[in-house]
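See below for the structure under consideration.
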Amino acid sequence: MSAVFLREAVILSIQWCVVQSSSTQLTKLLSPLSAPLRHRRNFCTHLYTPLCKTNMGPTSSREVTQLVCQESDLQDGQMKEVEIEQNKILLVRNEGKFSAVSGLCTHYGAPLIKGALVGNRVRCPWHGACFNTTTGDIEEFPGLDCLHSYKVKVDCGKVYVTASKQKTTKRVKEMSSREPGVCHTVLLIGGGPASLQCAETLRQNKYGGRIIMVIKDEKLPIDKTKLSKAMNIEIEKILLRPSDFLQKHDIEVWTEKDVVSVNTEGKVVTFSDGTTQPYDQLLVSTGARARALQVPGAEMENVKLLESYKDAAGIYQMSVGNKVVIVGTSFIGMEVAAYLSDKAASVAVVGKSEFPYQLSLGPDIGKMTMKMLEEKNVKFYMNSGVAEMRGENGRVKEVVLQNGDVLQADVVISGIGVIPNSDFLKGSAVEVDSRNAVVVDKFMRTNIPDVFAAGDVVSFPLALREDKMVQIGHWQLAQAHGRVAALNMLKKQTEINSVPYFWTVLLGKSIRYTGYGEGYTDIVFKGNVEEMKFLAFYIKGDEAVAAASLNFDPAVSKVAELMASGQKITKSQAESQDLGWLQLP
Ligand SMILES: Cc1cc2nc3c(=O)[nH]c(=O)nc-3n(C[C@H](O)[C@H](O)[C@H](O)COP(=O)(O)OP(=O)(O)OC[C@H]3O[C@@H](n4cnc5c(N)ncnc54)[C@H](O)[C@@H]3O)c2cc1C
Ligand SMILES: *[C@@H]1O[C@H](CO)[C@@H](O)[C@H](O)[C@H]1NC(C)=O
Ligand code: FES
């Protein structure tokens, strides 16, 4: 496992520990010994300013007020990390005013002090989540929860923050539950981030009807992005919400329920077991599935696709100590190759271009990642494709390439692109495009009233690109879609205007990406790709339409914030020696 990922994973597990041990911590904090000490510390700070008695209002015994800095220490647009009672807190100054929120991102716990601050919004340096620094509310994803916000008081040039004595990590936004007598059902097809975010947004906005989430597979919603980065992770560590959370907020989850058709006239869906369920409003958020290889032998049982928890666990088991062939050099194929490189007997990767990610990230970054993996004994077979798979007793033993090369294989993993899961809409009036993506407008509405769609299954208008219709498979966008769909279901008109943000992890190195690079003609690099410290701008016409980075934080998050504010990044800005306009720390 890679260093950065390891760090993220460790932080994740730390948070799990916190949840488990909070009651012991609480007793420790409330023990009679610690309280007077705390008062004394407070008292001391006051001694220095005898004429300026700070009154923060009634502070309960569970809170503590602490002097954190001088007013003059922070200018507008600056932030500072302070620690109160083991809580890392981000202090921000904007338009003269101070505010304070928890200092760690609610997604995987990145230190927000390293992020990009624009006005009263901070964007996480790791995967681009955004938080309002006044309220702590999450405004862009990934991540589900908000930050705590803390009381700040400035008195006689000194800045005081009041925080809880308990260790507090995330803040779950207030949510309603079902109200008796409300006869209205929102049916969500799919159990991915788009569905879950839609359900939670409905409850956050006091929706009192019934919410049913139906999922084809047997698991509750999980963090699917881990499946290629930590293939044998325990399911409990990647559940997006525990089942009691979903129960508490009356989000019904029906697993192993496969929708086979939708009747939009009668407003009812039919499942593969023959049962039906009526709805008032529907969300189609069925994601996309991996495209299967179309070659002789591809139907054999050890030819795998990576979509579900079960797939990841199965691939891991089949791969340890065995010969692995991976077909496809996009994000999933490369992450799996990296992850298995020190676990399998051998890893061979087959790609049809010269370098991995050739189209998306460009040849230089592709070449660098290829070298990284080659150093871990991964063998690449590029400019090639699979002609045939040979085996016996229904199991592949050899992968034959188009150039005649033969690779030994105990397991083959195919990652060659995705297809929207919209087959069950055939025969309905819901519009899909030529690639079978469900067509939605900027309110995530399909052509049929009360039928919304979100996530990887849709083609939607991208605000960043003059509303060009696009299909983008990013976790963060799926959540944003789900949120916008929910608000529009509730007639709170909201447009989708999120800036796409994506990440991938190889051997502990995180590549971050923002924007939409389709059709770029040039790449401008800052730093050095070979040294694995770079920022890349993807140029189309006179504009940088996307950026990617490695070891260059928070550049990509800064770029995302500029794009979010509607600013265009020009080619000459990207080419300039001076990156002052990006205001990196
Ligand atoms: C291995 C892997 C790694 C990834 N890594 C990253 C990453 O690092 N960063 C990133 O930004 N993105 C990553 N992605 C992409 C990201 O996971 C997707 O963009 C995101 O999950 C899309 O969310 P969604 O809600 O649209 O659909 P999904 O998460 O795909 O969920 C679809 C749901 O619909 C259900 N379903 C499908 N058909 C039916 C049916 N007929 N009836 C009932 N239920 C149905 C499925 O069971 C599933 O629960 C990764 C994807 C994979 C597979
Ligand atoms: C942050 O929250 C404040 C207070 O609710 C609000 O006025 C402001 O518009 C929010 N900022 C952003 C960037 O949404
Ligand atoms: S850790 Fe902040 S967005 Fe992932």
Exposure of Thr65 as accessible area (Å², to 10), given a probe of 1.4 Å and all protein chains: 20 Å²
Which whole-Hz ³J(HN,Hα) couplings does segment 323-338 yield from phi under the Karplus relation 6.51 cos²θ - 1.76 cosθ + 1.60, θ = phi - 60°, glycine and proline marked x? 8, 10, 10, 10, 10, x, 10, 8, 4, 5, x, 5, 5, 5, 4, 5
Helix 3-29 versus the longest principal axis of the chain: what angle, 0 to 90°, nearest 10, using Cα atoms? 40 degrees
With only alpha-carbon atoms counted, please give the Rg and Dmax of segment 303-416, in Å. 13.2, 42
Using 0.36 nm per residue, how much length does the chain from Trp254 to Thr276 gain when fully extended, once their Cα-Cα distance is taken away? 6.6 nm
Kindly identify segment 519-585 as rounded, prolate or oblate by the Cα gyration tensor criterion: order the square roots of the eigenvalues as a ≥ b ≥ c, call it rounded if a/c is under 1.5, otherwise compare a/b with b/c, prolate if a/b is larger, else oblate. oblate
Taking the alpha-carbon centroid of each part, what is the distance from segment 138-160 to segment 466-545 in angstrom? 27 Å
Considering amide H positions built from the backbone, and no H for Pro or chain starts, which residues 5 or more places from Arg241, or on another chain, come under 5 Å of its amide H? none
Net charge, Glu234 excluded, C-beta distance under 13 Å - Lys, Arg +1, Asp, Glu -1: +1
Run the dipole for the chain about the Cα centre, Lys and Arg Cβ at +1, Asp and Glu Cβ at -1, nothing else charged, and hand back the magnitude in debye, nearest 20. 1840 debye
If I take R0 = 35 Å and measure r between the Cβ atoms of Val154 and Asn551 in this structure, what FRET efficiency does the formula 1/(1 + (r/R0)^6) give, to the nearest 0.05? 0.40
Karplus couplings for segment 308-322 from phi (6.51 cos²θ - 1.76 cosθ + 1.60, θ = phi - 60°), rounded to Hz, Gly and Pro as x? 10, 4, 4, 4, 4, 4, x, 4, 4, 4, 6, 8, 4, x, 10
Is it possible to state the helix-based mean residue ellipticity at 222 nm for the chain, with each DSSP H run of 4+ residues giving -39500 (n - 2.57), the sum divided by total residues, to the nearest 500 deg cm²/dmol? What is it? -6500 deg cm²/dmol
Once every Cα of segment 63-164 carries one equal point scatterer and solvent is ignored, give the base-10 log of I(q)/I(0) from the Debye formula at q = 0.13, 0.19, 0.22 Å⁻¹, two decimals. -0.39, -0.82, -1.09
Between the residues Gln317, Gly366, Gln402, the Cα farthest towards the positive end of the dipole of segment 303-416, that dipole coming from +1 and -1 charges on the beta-carbon of Lys, Arg, Asp and Glu, is from Gln317
From the backbone phi of segment 154-160, what are the Karplus-calculated ³J(HN,Hα) couplings (6.51 cos²θ - 1.76 cosθ + 1.60, θ = phi - 60°) in whole Hz, Gly and Pro given as x? 10, 9, 6, x, 10, 10, 10
Note: segment 134-271 at 37 °C, 0.692 mPa s; Kirkwood Rh on alpha carbon pairs; Stokes-Einstein D in µm²/s works out to 187 µm²/s
On a full-extension model of 0.36 nm per residue, what is the gain between Lys442 and Leu359, subtracting their alpha-carbon distance, rounded to one decimal in nm? 27.2 nm
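In percent, how large is the relative contact order of segment 90-188, given Cα pairs closer than 8 Å and 6 or more residues apart?
Computed over segment 90-188, the figure is 21 percent.
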Between Val327 and residues 5 or more places away or on another chain, which pairs have amide H atoms under 5 Å apart, with H built 1.01 Å from N, and which residues are they? Val350, Ile413, Ser414, Gly415
Taking trypsin sites (Lys or Arg not before Pro) as exposed when DSSP calls them loop (any state but H, G, I, E, B) and at most 13 other Cβ atoms lie within 10 Å, what is the longest stretch of the chain free of them, the sites themselves excluded? 207-425
Cα gyration tensor shape of segment 500-551, rounded if a/c is under 1.5, else prolate or oblate by comparing a/b with b/c: oblate
Separation of segment 60-100 and segment 284-332 by C-alpha centroid, Å? 48 Å
Segment 360-390 and segment 217-242: distance between their alpha carbon centers, rounded to Å: 27 Å
Take every DSSP beta bridge with both residues inside the chain and express the antiparallel ones as a percent of the total, to the nearest 5. 75 percent
Can you give the FRET efficiency for Asn377 and Gln294, using 1/(1 + (r/R0)^6), R0 = 25 Å, r = Cβ-Cβ distance, to the nearest 0.05? 0.25
Let me see the P(r) profile for the chain: every Cα-Cα distance counted, bins of 20 Å, each bin given as a percent of all pairs. 19, 50, 27, 4, 0
So how long is each side of segment 437-556 along the principal axes, counting just the alpha-carbon atoms, biggest first, in Å? 53, 33, 23
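The values are calculated or read from the model by the stated rules, or taken from the named source; none is laboratory data. Because the structure is a prediction, the values reported are computed rather than measured. As a convention, Cβ positions derive from the backbone with ideal geometry for all residues, glycine included, and neighbour counts pool all protein chains shown. Just the protein is used for accessible areas: all its heavy atoms, side chains included, with ligands, DNA and RNA removed. Shrake-Rupley method; radii C 1.70, N 1.55, O 1.52, S 1.80 Å.
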